[in-house]
Each structure stands twice: as structure tokens, then as C-alpha cells.
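The values are calculated or read from the model by the stated rules, or taken from the named source; none is laboratory data. No experiment lies behind these values; they were computed from the predicted model shown. Don't worry about glycine lacking a Cβ; one is built from the backbone with ideal geometry, like all the others, and counts go over all protein chains shown.
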């Protein structure tokens, strides 16, 4: 038994005939830091507005709509960009979303939405997918900037104040009421019942 331990410790002390364990650990550590830094830099680059509108499908369609909204231009100068609404901030959910987004890359490569007409044909499905994702996460990305607890409903317009109070009581999430807040609603969208 002690021979096995001695053999194991000997391998740890000298796992390679050519390099010491310390050398392998140091090289492994710095390689890991380099890989993680490169990976994280690449992930962050894909969250930039320039990356998102790098293909004409986004630049010519939803980006033009977004530029007409309060999320793009407002009195305070705070701008929510694509990743603020479409990519979670925490690492686990961000990686899940990045994997899901690979379907969008596949759609780009296959030409599924490469013209305005094709984009409009698929807009309802794309919007419904995004709305379902946001609802499932309790509008997590919206809540990075907005929260019921941070709202002063007394300073809101009467209708907004009323609807936010109802939403809180009914445990609604942002996307339940705010579809089309940064992009046009699909033309073929089914009517939703009015909650008034």
C-alpha cells in the first residue's frame, strides 16, 4: 500500500521525465489565464452593438426601429443596447443564451432572414421566442435597469401608475405588457385581451 502512495507521490513530484510538476503547474496556470481571458474577451466582443448590427438583417430591420425608441435616445442619455436586453449578465445564463443564439447564426448562414421580406415573414416567430424567453426569466434583463421597488408610481402618469400597481398585484413581468417596447410588433400578431 505504501508503495502505491510512494509511486503516486513520485508521479506528482515528477509527472514527466522532462518537466517538473511545478513547471507544468505554472505553464498550466498561465495557459488557463490566457485561454479564459481570450474566451471572455471574445464573449464580450459579441455583446457589442457593432457586432449585433454587423449583419444587414439586424442593421436594416430591428436596429432602425430601436433607434426610434426611448431605449436609444432619451432625456437622461442612458442607452440600452442589444446585449442589455437580449443577453443575461450572469455567466451561466449568458452562456446558455450564447448557445441558443447559435441558431440565429445558422439562420444567417442559411439565408432564412436575409431580406426584409423574409425577416418580416419570420418576425412573429422570432418575437414570440424572445418574449417567451423573457417571460421565463421574469424579464431578468429588464430588471437590470427597472424594478417595481424602484418605481415611484405616484410620479407616473395615471394609466402607467394604475397598470404597474395591477402588474405587481398580479405578479406580472415586464414583457407581459411591454411587447414592442424597442421593436415594432409583428403585423400578423394575434390580438391580446386588454387587461383594463
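Quick notes
- Some residue of region 111-121 being closer than 25 Å to residue 94 by Cβ, surrounded by 15 or more Cβ atoms within 10 Å (Cβ to Cβ) and touching a helix residue (DSSP H, G or I) at 6+ places or on another chain (Cβ under 9 Å): yes
- Qualifying residue in region 68-79 (condition: assigned by TED's automatic domain parsing to the domain that holds residue 145, farther than 14 Å from residue 141 by Cβ, assigned to a loop (DSSP other than H, G, I, E, B) and under 17 Å from the mean Cα position of the chain (by Cα)): yes
- Qualifying residue in region 133-141 (condition: out of contact with any helix residue (DSSP H, G or I) (no Cβ under 9 Å at 6 or more places or on another chain) and at pLDDT 90 or above): yes
- The numbered conditions (1) within 24 Å of the chain's Cα centre (by Cα); (2) closer than 22 Å to residue 70 by Cβ; (3) without any contact (Cβ under 8 Å) to a residue 60 or more places away in the chain are all true for residue 152 except (1).
Quick grid of which residues meet (1) within 30 Å of residue 191 (Cβ to Cβ); (2) modelled with pLDDT under 90; (3) in the same structural domain as residue 146 (by TED's automatic domain parsing):
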{"position": "20", "(1), (2), (3)": "no, yes, no"}
{"position": "51", "(1), (2), (3)": "no, no, no"}
{"position": "92", "(1), (2), (3)": "no, no, yes"}
{"position": "97", "(1), (2), (3)": "yes, no, yes"}
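- Only one of the numbered conditions (1) in a helix (DSSP H, G or I); (2) loosely packed, with under 13 Cβ neighbours inside 10 Å; (3) modelled with pLDDT of 90 or more is violated by residue 176, and that is (2).
- Condition met for residue 29 (outside the structural domain of residue 182 (by TED's automatic domain parsing) and closer than 22 Å to residue 89 by Cβ): no
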